1. If you wrap a convex hull around the Cα atoms of the chain, how much volume per residue is inside, in Å³?
2. So if we plug the beta-carbon distance of Glu55 and Phe96 into 1/(1 + (r/R0)^6) with R0 = 41 Å, what FRET efficiency do we get, rounded to 0.05?
3. What distance in nm lies between label points placed 7 Å from Cα along the C-beta direction at Leu178 and Asp46?
4. Using square roots of five times the C-alpha gyration tensor eigenvalues, list the equivalent-ellipsoid semi-axes of region 19-132 in whole Å, biggest first.
5. For region 47-134, what is the accessible area per residue in Å², given a 1.4 Å probe and the full set of protein chains?
6. Over the chain, what is the relative contact order in whole percent, taking alpha-carbon pairs under 8 Å and six or more residues apart?
7. Going 7 Å from the Cα of Leu149 toward and past its Cβ, which residues in region 1-24 have a backbone nitrogen under 15 Å from where you end up?
8. Just in region 80-185: which trypsin sites (Lys or Arg not before Pro) are loop by DSSP and have at most 16 other Cβ atoms within 10 Å?
Amino acid sequence: MESLKGQFLVAMPTMGDERFHEAVIYVVGHGEEGAMGLVVNQPVEDMRFADILEELGISGKDELIRLPSSVRDREVLRGGPVQRGRGFVLHSPDYFREENTYEVSDEVCLTATLDILKSIAFKPEPADAVFALGYCGWGAGQLENELALNGWLTVPFSRNLLFGTALGDRYDIALAQLGITRASLSGAAGHA
């Protein structure tokens, strides 16, 4: 199977795992060893970026008050069920640290260090970024099996979908990129 790295997975209604109900996942890596991705449309309830900064000691209460609301109130995403206490940032390549940043594609990088959180909060932030706690992981052949069982649709990368679309709209927009709607989704697998 061709690598899905840099593409989206969209959960089908037949997805048996409730944690992925209507999930849109950005695939960070995919190869013979397995796959890794981040859910990019499910916020962590009652948590904002400022809470993360305060919890990690990156910013004091006085500094948090002075942050622009666009930074302070930035949503924290539920990236997946694996290592839910670990943070990951998908971002534009204008922020790149040789030792710490993983290039997913020409348009998206992944960094999981405190430095990028400081950059997002206090500048120079990446032009585009989403912050998630946890990730999704698949062992060798597991994702391919889930695809064969009609658990996921694959959607080509769209910068707007990842960085420019409201979280609540990402599922519908991802489906629309394939020319389908929720109403037209079928749980039946089609194999020739």
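1. Residue-normalised Cα hull volume stands at 123 Å³.
2. Computed FRET efficiency for Glu55 and Phe96 comes out at 0.95.
3. Spacing of the two 7 Å Cα→Cβ label points: 3.5 nm.
4. 24, 17, 12
5. Computed with neighbouring chains in place, this is 52 Å² per residue.
6. This gives 28 percent for the chain.
7. Hits in region 1-24 for Leu149 at 15 Å: 11-21.
8. Arg97
The values are calculated or read from the model by the stated rules, or taken from the named source; none is laboratory data. Not measured: the values here are computed from a predicted model. Reconstructed Cβ throughout: ideal geometry from the backbone, glycine too, with neighbour counts over all protein chains shown. For accessibility, only protein heavy atoms count, side chains too; no ligands or nucleic acids. Shrake-Rupley method; radii C 1.70, N 1.55, O 1.52, S 1.80 Å.
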